[in-house]
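Structure record follows, encoded as structure tokens.
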Amino acid sequence: MSSSTPTTAPATTRIRAAGTPGRSDVVIVGAGIIGLAHAFEALSNGLSVTVLDRDRQPVGASVRNFGHCCISAQDGELLALAQRSRPGWLRAAKASGIWAEEAGTLVVARSATEAAVLEELRAERGGDAVRLRTAAETAALLGRTDGGARGDGGSSGSGGLVGGALLPADLRVNPREAAPGLARWVAEQPHGRILWGTAVTGVESGTVHTTRGPVHGDRILICVGHDLDYLFPDLAEDHGMQRCRLTMARAAAPAAFRTHAAVLTATSMLRYDAFTGRPSAARLREEVQGHSAELLEIGANVMFTRLPDGTVLVGDSHHYDATTPPFVDERTAELLIGAVADVLGVQRLRILERWQGVYASSPRGPLLVRDLAPGVRALSVTSGIGMTLSFGLAAATFDGTLAPTA
Ligand SMILES: Cc1cc2nc3c(=O)[nH]c(=O)nc-3n(C[C@H](O)[C@H](O)[C@H](O)COP(=O)(O)OP(=O)(O)OC[C@H]3O[C@@H](n4cnc5c(N)ncnc54)[C@H](O)[C@@H]3O)c2cc1C
């Protein structure tokens, strides 16, 4: 991910002349957000693109998530990549008409330790990037009719609100329409095409083998997310790749709920590097372990985001397996939904849908970038932040600054 020597040929701005049917400058395997961000960037660079997906529409991680471009919570190289992603998302939204809102993230503090972590982040990043909020301001953003005083003091460990922070750089998109909308846009471009229902079975330089025959391209990008192990099991094993499954739900929002910002809580602060690197983070972990051990056992990141129709996406838990069991544990779902209801200051949420999401994960690193043959690259985000990084990765791929990972 460093900006050292380019590892792939620089992008050309040449469009393949008609008369070479079926051959594209770039062939992309996978119509999730990683593949589609690369397709958008390639088309923007004047390249011809073919995207292949085994399914008939995007149904992978990219439509099952919160639609949260969680830029500010990253640190180091990932922060730089996430910041690079932001203008890409906004350009793609403008071009394709998909919804992307500069809504930011609201991090809720319900103890002095949580507030201390936010204050420490503000001290490091500055008051423009981390805007501290009082308890009353945080309660108003959440639409809490009790002013934020109430908390269950139990499973979610909450007393009332003590404050919060708004991280304005973060974006929100609708995960249910972002990838499908981008796919539509790609297919409408004169030099873009998507072949749905086309499963890839193998790849070599210049050729992708599919269930509908070979597809040819100068440059091949394999963006199949957590299913990389089906195509390249040795590569996935070498990176320690696993499937992370997450319990999710969509709920009717309480009547007073207003903010369009994504909402993060203490368990979120234990999962993102911007917070875990702060001096008070260790104390926060002990505190959460003391009052919410059950949430830590399910790997909870208690957070929620609002869809344009006003309903809220609620989650999530983290369990790691080589192969994903299909069963969704009701106790896990109840714990998460109860914890979100507590932040919102309501007794219960009316659940409209439930599902399980799956993404690629690895303890060995947040990204897998490997060159498999001349002009053939595999690219998976193995840290659960593919929405955040997608357009930054695509920009770095096409300017030649995305180096292979070890
Ligand atoms: C519940 C949940 C919450 C999340 N929350 C966030 C968040 O808040 N912020 C964030 O940044 N990220 C979040 N993520 C992570 C993010 O969703 C993923 O990192 C990202 O969507 C991965 O995109 P992808 O394109 O690699 O994979 P996918 O979206 O899974 O797409 C891969 C595509 O490849 C296709 N494919 C696979 N194999 C083949 C083959 N052999 N031939 C043809 N096609 C194939 C599949 O059909 C699929 O369409 C979350 C994920 C989940 C599940």
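With unit charges on the beta carbon (Lys/Arg positive, Asp/Glu negative), name the residue among Gln83, Trp99, Pro326 whose Cα is farthest towards the positive pole of the charge dipole of the chain.
It is Trp99.
Does region 275-341 classify as rounded, prolate or oblate by the C-alpha gyration tensor (a ≥ b ≥ c root eigenvalues; a/c under 1.5 gives rounded; else a/b over b/c gives prolate, otherwise oblate)?
Numbers: a/c = 1.82, a/b = 1.26, b/c = 1.45.
Oblate shape, in that a/c is at least 1.5 and b/c is the bigger or equal ratio.
Using amide H atoms built in the peptide plane, which far-off residues or other-chain residues are under 5 Å from Leu264 H to H?
Leu106, Val107, Val108
Can you give the extra length, in nm with one decimal, that the chain gains between His209 and Arg348 once fully stretched, where that is 0.36 nm per residue apart less the Cα-Cα distance? Intermediate values should be presented prior to the final figure.
Numbers: separation 139, 0.36 × 139 = 50.04 nm, distance 5.04 nm.
Gain in length upon complete extension: 45.0 nm.
Can you tell me the FRET efficiency between His216 and Ala187 if r is taken as the Cβ-Cβ distance and R0 is 25 Å, rounded to the nearest 0.05? Each step should come with its number before you reach the end.
Working: r = 19 Å, r/R0 = 0.76.
Once rounded, the FRET efficiency stands at 0.85.
Could you give each residue of region 67-78 its phi-based ³J(HN,Hα) in whole Hz, using Karplus coefficients 6.51, -1.76, 1.60 with θ = phi - 60°, and x for Gly or Pro?
With the stated coefficients, region 67-78 comes to x, 10, 8, 8, 6, 5, 7, 8, 9, x, 5, 5 Hz.
So, with +1 on the Cβ of K and R and -1 on the Cβ of D and E, and no other charges, what is the size of the charge dipole of the chain about its Cα centre, to the nearest 20 debye?
Working: 39 positive and 41 negative charges, 201 e Å.
The calculated dipole for the chain is roughly 960 debye.
Put +1 on the Cβ of each Lys and Arg and -1 on the Cβ of each Asp and Glu in region 41-81; which of Ser62, Leu47, Ala73 then has its Cα farthest toward the positive end of the dipole?
Comparing the listed Cα positions along the dipole, Ser62 ranks first.
Can you give the percent of C-alpha pairs in region 64-192 whose distance is more than 24 Å?
Of all Cα-Cα distances in region 64-192, 43 percent exceed 24 Å.
Over region 281-385, what is the relative contact order in percent, taking alpha-carbon pairs closer than 8 angstrom and at least six residues apart? Walk me through the numbers before you get to the answer.
On the way: 98 pairs, mean separation 17.2, N = 105.
It rounds to 16 percent for region 281-385.
Quick query: amide H of Glu204 versus all other amide H atoms, modeled in the peptide plane; which residues come in under 5 Å with a sequence gap of 5 or more or a different chain?
HN-HN under 5 Å from Glu204: His209.
Send over the per residue convex hull volume for the chain, Cα only, as a whole number of Å³.
Values: hull volume 51.8 nm³, N = 406.
Value for the chain: 128 Å³ per residue.
Starting at the first residue of region 132-148, write each ³J(HN,Hα) from the Karplus equation 6.51 cos²θ - 1.76 cosθ + 1.60 with θ = phi - 60°, in whole Hz, x for Gly and Pro.
5, 10, 6, 4, 5, 5, 5, 4, 5, 4, 7, x, 7, 6, 8, x, x
Across region 32-41, in residue order, what do the Karplus-derived ³J(HN,Hα) couplings come to in whole Hz, using 6.51 cos²θ - 1.76 cosθ + 1.60 with θ = phi - 60° and x for Gly and Pro?
x, 5, 5, x, 6, 5, 5, 5, 4, 5
Out of all Cα-Cα pairs in region 261-406, roughly what percent, to the nearest whole number, are more than 23 Å apart? Could the numbers behind the result be given before it?
Values: 5105 of 10585 pairs.
Distances greater than 23 Å cover 48 percent of the Cα pairs.
On C-alpha positions alone, give me the angle between the axis of helix 281-291 and the longest principal axis of the chain, in degrees, nearest 10.
For 281-291 against the chain, the angle is about 60 degrees.
I need to check one value: relative contact order of the chain, counting alpha carbon pairs closer than 8 Å and at least 6 residues apart, in percent. Intermediate results must be reported in sequence, preceding the final value.
Working: 945 pairs, mean separation 109.7, N = 406.
The normalised contact order for the chain reaches 27 percent.
Principal axis lengths of region 202-249 from Cα atoms, whole Å, largest first?
On the principal axes, region 202-249 reaches 39, 29, 18 Å in Cα extent.
Evaluate region 69-145: find the radius of gyration of its Cα atoms, find its Kirkwood radius, and give the ratio Rg to Rh. Intermediate results must be reported in sequence, preceding the final value.
On the way: Rg = 14.9 Å, Rh = 14.4 Å.
Over the Cα atoms of region 69-145, Rg/Rh equals 1.04.
Just so you know, all these numbers are worked out from the coordinates, no wet-lab data involved. These figures come from a predicted structure and were not determined experimentally. With ideal geometry, Cβ positions are generated from the backbone for all residues, glycine too; neighbour counts draw on all protein chains shown.
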